[in-house]
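The values are calculated or read from the model by the stated rules, or taken from the named source; none is laboratory data. Computed from a prediction, not measured in an experiment: that's the story for all the values here. Methodologically, a virtual Cβ is constructed for each residue, glycine included, from the backbone with ideal geometry; neighbour enumeration extends over all protein chains shown. Keep in mind that these areas ignore ligands, DNA and RNA; they rest on the heavy atoms of the full protein, side chains included. Shrake-Rupley method; radii C 1.70, N 1.55, O 1.52, S 1.80 Å.
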2 protein chains.
Amino acid sequence: MASPQKRVVILGGGFAGVYTAMYLERALPKSMRDQVEISLVSRENYIVFQPLLPEVVSGSIELLHAISPIRRLVRQTRLYSREIQNIDLDEKTIHLFPGCRPQTATIRYDHLVIGLGTQLDYSRVPGMREHSIPFRYLGDALRLRNHLVNTLEEADNETDPENRRELLTFVVAGGGFSGVECIAEMNDLLRSAIKAYRNIQEDDLTFILLQSGDRILPEMEEDLAGFAHRILQNRGVEIRLRTRMTAVTATSALSRAKDSDQTEAIPTRTVVATVPSGPHPLLAELDCEKRRGRIAVDRQLRLLHREGVWAVGDCAFIPTTDRYDDESDPGSPPTAQHALRQAKTCAQNIAASLQGKELKTFSFAGLGKLGSLGRMSAVASVMGVKVSGVLAWILWRAIYVSKMPGLDRKIRVLFDWLLDWMLPRDIAELRIFQPDSVIREHFERGQFVFDQGDFGDKVYFIVDGKAEIIIDGKVIDTLETGQTFGEIALYQDQPRRAAVRAATPLDCVTVSRAAFENLLAHVPGVADAISTIVKSRLDGPKSAEAAIGTTEP
Amino acid sequence: MASPQKRVVILGGGFAGVYTAMYLERALPKSMRDQVEISLVSRENYIVFQPLLPEVVSGSIELLHAISPIRRLVRQTRLYSREIQNIDLDEKTIHLFPGCRPQTATIRYDHLVIGLGTQLDYSRVPGMREHSIPFRYLGDALRLRNHLVNTLEEADNETDPENRRELLTFVVAGGGFSGVECIAEMNDLLRSAIKAYRNIQEDDLTFILLQSGDRILPEMEEDLAGFAHRILQNRGVEIRLRTRMTAVTATSALSRAKDSDQTEAIPTRTVVATVPSGPHPLLAELDCEKRRGRIAVDRQLRLLHREGVWAVGDCAFIPTTDRYDDESDPGSPPTAQHALRQAKTCAQNIAASLQGKELKTFSFAGLGKLGSLGRMSAVASVMGVKVSGVLAWILWRAIYVSKMPGLDRKIRVLFDWLLDWMLPRDIAELRIFQPDSVIREHFERGQFVFDQGDFGDKVYFIVDGKAEIIIDGKVIDTLETGQTFGEIALYQDQPRRAAVRAATPLDCVTVSRAAFENLLAHVPGVADAISTIVKSRLDGPKSAEAAIGTTEP
């Protein structure tokens, strides 16, 4: 044998992955501890306690208290806080993307546990990737919180009523637990924060929850969902059922009711996307059996026909019956309480198989469900008992604090709640999320990209769609895929001399002023191409008046 | 008259600006409140309490507790959280950069207060702008904290001893209050955090403080500075006096001792720059009298020969005697306690001049100085009494908490200190600081830009300097200003086939993989130019083996 050690590699830093490592540290008999090396690969060096994420947005708990450092939970495990490049089941190796040095790393395994969870699937709604704020990671919560405060800052000095409405309308897409808890906390934060803004009143705020189904909280019993619906409505959240978000731009959410062919544009600068999730992109390439897009495993959590490979958590389809061909089997549901127990079974089964012992079968019915509705209200259905209102809220807090990994976190969260009850919420805006200098943007038909007289802050390269150039209300030209606009205001350092409007759904790559100056000066080909465009526009027949125009490809 | 109102506009969200607004709200008689509009322009919507910033780095207080939202402090003032484009003293207008809409804003004033402070002056040290972490704003503290945790994450899995040393060496440039407090807290954080890292021991950590003067804390009495020096040394900080930082790269700090012409390269990935500060860039263009680079004012804080314009805080030179031609006058020192009192005098003088009353003369001798040295130690010199050690540390905390603006912040900070004493420090790394996709990078002569076999993560465009292309230890080509390298690994999606080393000090614009793909696909001129380069390199005589090469300009 090349090495006396057995290597167990666990992929994913969510509950499934981290708890598998934790339970495995305990499940191995002392005599084997030196012979088994456990490694965990996680994008972040902390585990996110998702149920508390909405409270980070509202500021009722501090930023870092909804997470727990993985190293403090699994002290005998080697942690790689890296992203995974690929998984090679034939070679039994994992390739990791570089860290601070531009060198990839390779890890070999004897046993592999895949616990990669799911990812937001942006592909179905145009503009969602570019313009909505996701709600999964801690960074998302911080970004959303800063964005919300920023809208208040802008709205306080905005005099145009349309712009004010756009700034003070907040849309959450998805009426499941995550969407409901998110809009509830946003509502709480903003209604309390505006007391510090002289020009914003409560009536100015609009909160809209879009839900494609017939009711919110489809995971919950109908009466509890009804209770939640009424509470949210009473607190000022508008709920639109049977309504799907169809597109997102920087200044609007487009939605369509189920039986309608009319699309409605909701003017807003804040769209939070909580649906839908799809499989992790690494799984698409993975050469193994799948079921409903998830990795097919047996009830011992082993991949089918792949020895030494296991899967746990939301990325795995874990049958609840022994009849694997039962099409009606919904599989073990994708919740944290199930992931925890799968982790335990998986750890025990790996320990057993290393010792040549018999494997256990995973089976867990679930204990119940909890959803917070913001200040002092929640819905809960635990072991068959349904509770709503203040009592459920106390239950919610008690259960989740007891479940938080790490004693220090429990204490910190309890102190946060104490202070939140005494002190006003924070309204500081941390401007640390500088937009990248080269990004994609999406515009819907009829939307203005910029207006005459605007400040020239970037250049646009059309990836797909058409754009109209408008001066004093008159369309003077139409640009297409592959063409460029907006470069003259930067080139000549003056305000926009024409407006640009999307004539179709329009996707652009945009480059910021500073980056554009760097590209012009240093990237071969750019200066020549752009100066040709500018010259033709300023000299050309149309462009003397246009001062904006087309690339002749 | 165009308007019955008088407009007072205050520029700057530091102590000088915010407290001027606060005192002005109080100084105006009730009868005048409706007739005077106070506006404050600040980049951030919060005021940073600088002395607590190092404790944010170490995590002994929570991120948001070293700041206070401006709106809660000045309730009758209109706050613009924007950046200033320019100040027009002739037209009596201020132009603001756009917020979320690409439209600039203009504010007119009758009275203007300039309290813009200073900015880090990057111009004197090559590479400092690109590769050092500044230490002024709250975002800086968060970025530094995350960076420190990241070095531990990387070092824990690093086996190469040189790379480990680079990762675990931490350099702070500047031995004044800010530098000393910063390195003390970094030292505290990391020596406690490594307990969670299995492969890092205390001996692996190196902390270096570079100070160009003969001793640290030049602001303090010599014996107190000596005490601080010994405490830091005993706690594992190496202090290099009479040593100046001469350049910074991504992997090293270059330094030179005063009487030496030898430059020493300290391998490190962490350089914190706390010196030097220069005047705010807006002041350079300002048409007014200056003194020692600061705005010259009289002892009533009025600009000379500019009616209705006032200056306070670090950006102003405020004489301490009535003999304005006294060259030896050092001016009122740039500290928070002075800024506070200048703000009060300025507010009272504006109120007086609006009422046609007599102006006051500013005069303040200072109360004392305090410097924290990390856990349970500090130096203080207050009203002539010198204290050091634990007592000074208690004094430090007591004085600064009492000075914090806002009762809620005082309570939050006290709770933080309580919990910090009970619970372990946080080691979560928030990966929210994605580097921009188009940036500048600086390399020193002899430094490797990348190595053969490295992962191709970006493309390099030489702005200034020369780069050598090396294959198997042999220099096969030298590139110059205007040329490109690193594009083939991205173009062909394979590891680097050659190494590149700086043959002179080398400045590049670099473009990340994702941005480069966007530029290639959509920006006119780029695809043609790059494909010409790639083709000539792959086909050319040298380039078959080079696979990396030069732009023929």
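Per residue of peptide A:441-451, the mean number of Cβ atoms on other chains within 10 Å of the residue Cβ is 1. For B:GLU480 and B:SER536, a Förster radius of 22 Å and the Cβ-Cβ distance give a FRET efficiency of 0.85, rounded to the nearest 0.05. Report the residues of the range B:107-122 in range of a label on A:GLU517: point 7 Å along Cα→C-beta, backbone N strictly under 19 Å from it. Inside the label zone: B:119-122. With the simple model of a label 7 Å out from the Cα in the direction of the Cβ, A:MET376 to B:ASP464 spans 6.4 nm. Computed on chain A, with alpha-carbon pairs under 8 angstrom and 6+ residues apart, the relative contact order is 13 percent. Rolling a 1.4 Å probe over the protein heavy atoms gives the range B:85-195 an accessible area of 34 Å² per residue. In a fully extended conformation the segment linking B:TYR324 and B:SER402 would gain 24.5 nm over its present Cα-Cα distance, using 0.36 nm per residue.
Among bridges DSSP assigns within the protein assembly as shown, what percent are antiparallel (round to 5)? Provide the component values of the computation, followed by the final result.
Values: 127 of 193 bridges.
Rounded to the nearest five, the antiparallel share is 65 percent.
Modelled this way, with points 7 Å down the Cα-to-C-beta line, the labels at B:ALA284 and A:GLN233 are 6.1 nm from one another. Helix A:526-539 and the long axis of chain A differ in direction by around 30°, with both axes built from C-alpha atoms.
How far is helix B:390-403 tilted off the main Cα axis of chain B, in degrees rounded to 10, range 0 to 90? The answer is roughly 70 degrees. Computed over chain A, the per-residue total of -39500 (n - 2.57) for DSSP H runs of n ≥ 4 gives a 222 nm mean residue ellipticity of -9000 deg cm²/dmol, rounded to 500.
All other residues with a Cβ under 14 Å from the Cβ of A:LEU395 taken together, and with Lys, Arg as +1 and Asp, Glu as -1, what is their net charge? Numbers along the way, then the final one.
Numbers: positive: A:LYS369, A:LYS386, A:ARG397, A:LYS403; negative: none.
Counting the neighbours of A:LEU395, the net charge comes to +4.
Take the Cβ atoms of B:MET383 and B:ILE133, set R0 to 35 Å, and the FRET efficiency comes out at 0.50.
Globularity index of the range A:1-66 is 1.51 (Cα radius of gyration / 2.2 N^0.38 Å, N = number of residues). Anisotropy class assigned to the protein assembly as shown is rounded, per the alpha carbon gyration tensor with a/c under the 1.5 cut-off. Tell me whether the range B:438-546 comes out rounded, prolate or oblate; compute the Cα gyration tensor, take square roots of the eigenvalues as a ≥ b ≥ c, and use a/c under 1.5 as the rounded threshold. Taking the square roots of the gyration eigenvalues as a ≥ b ≥ c, the range B:438-546 is oblate. Inter-chain neighbour count for A:529-535: the average number of beta-carbon atoms from partner chains within 10 Å of each residue's beta-carbon is 2. Taking all protein chains together and a 1.4 Å probe, the residues A:GLU264, B:GLU468, A:GLU285 rank A:GLU285, A:GLU264, B:GLU468 from largest to smallest accessible area.
I'd like the antiparallel share, as a percent to the nearest 5, of DSSP beta bridges with both residues in chain B. Don't skip to the answer; put the middle values down first.
Numbers: 63 of 96 bridges.
In chain B, approximately 65 percent of DSSP beta bridges are antiparallel ones.
Here's the picture: a label point sits 7 Å out from the Cα of B:ARG165 along the beta-carbon direction, and within the range B:227-268 the residues with their amide nitrogen under 11 Å of it are B:266-268.
For the range A:282-316, the set of trypsin sites (Lys or Arg not before Pro) satisfying both a DSSP loop assignment and a count of at most 12 other C-beta atoms within 10 Å is given as A:ARG292.
In terms of packing, defined here as the mean over residues of other Cβ atoms within 10 angstrom, the peptides A:213-225, A:471-483 line up highest first as A:213-225, A:471-483.
Tell me, what % of the accessible area of the protein assembly as shown is carbon and sulfur with a 1.4 angstrom probe?
Values: 22100 of 45090 Å².
Its accessible area is 49 percent carbon and sulfur atoms.
Compute the angle between helix A:407-422 and the longest alpha-carbon principal axis of chain A, please, reported from 0 to 90 degrees and rounded to the nearest 10. With both axes taken from Cα atoms, the answer is about 50 degrees.
Is the C-alpha gyration tensor of the range A:26-95 telling us rounded, prolate or oblate? Criteria: a/c under 1.5 is rounded; beyond that, a/b larger than b/c is prolate, otherwise oblate.
oblate
Note on exposure: B:CYS288, B:CYS346 ranked by accessible area (1.4 Å probe, complete protein assembly) read B:CYS288, B:CYS346, with the most exposed listed first. Here r is the Cβ-Cβ distance between A:ASP493 and B:ASP451 and R0 is 45 Å; the resulting FRET efficiency, rounded to 0.05, is 0.65.
Among the residues of A:194-205, the average count of other protein chain beta-carbon atoms within 10 Å of the residue beta-carbon is 2.
Charges were assigned to the Cβ only: +1 to each Lys and Arg, -1 to each Asp and Glu. The resulting dipole of the range A:438-546 about its Cα centre is roughly 80 debye.
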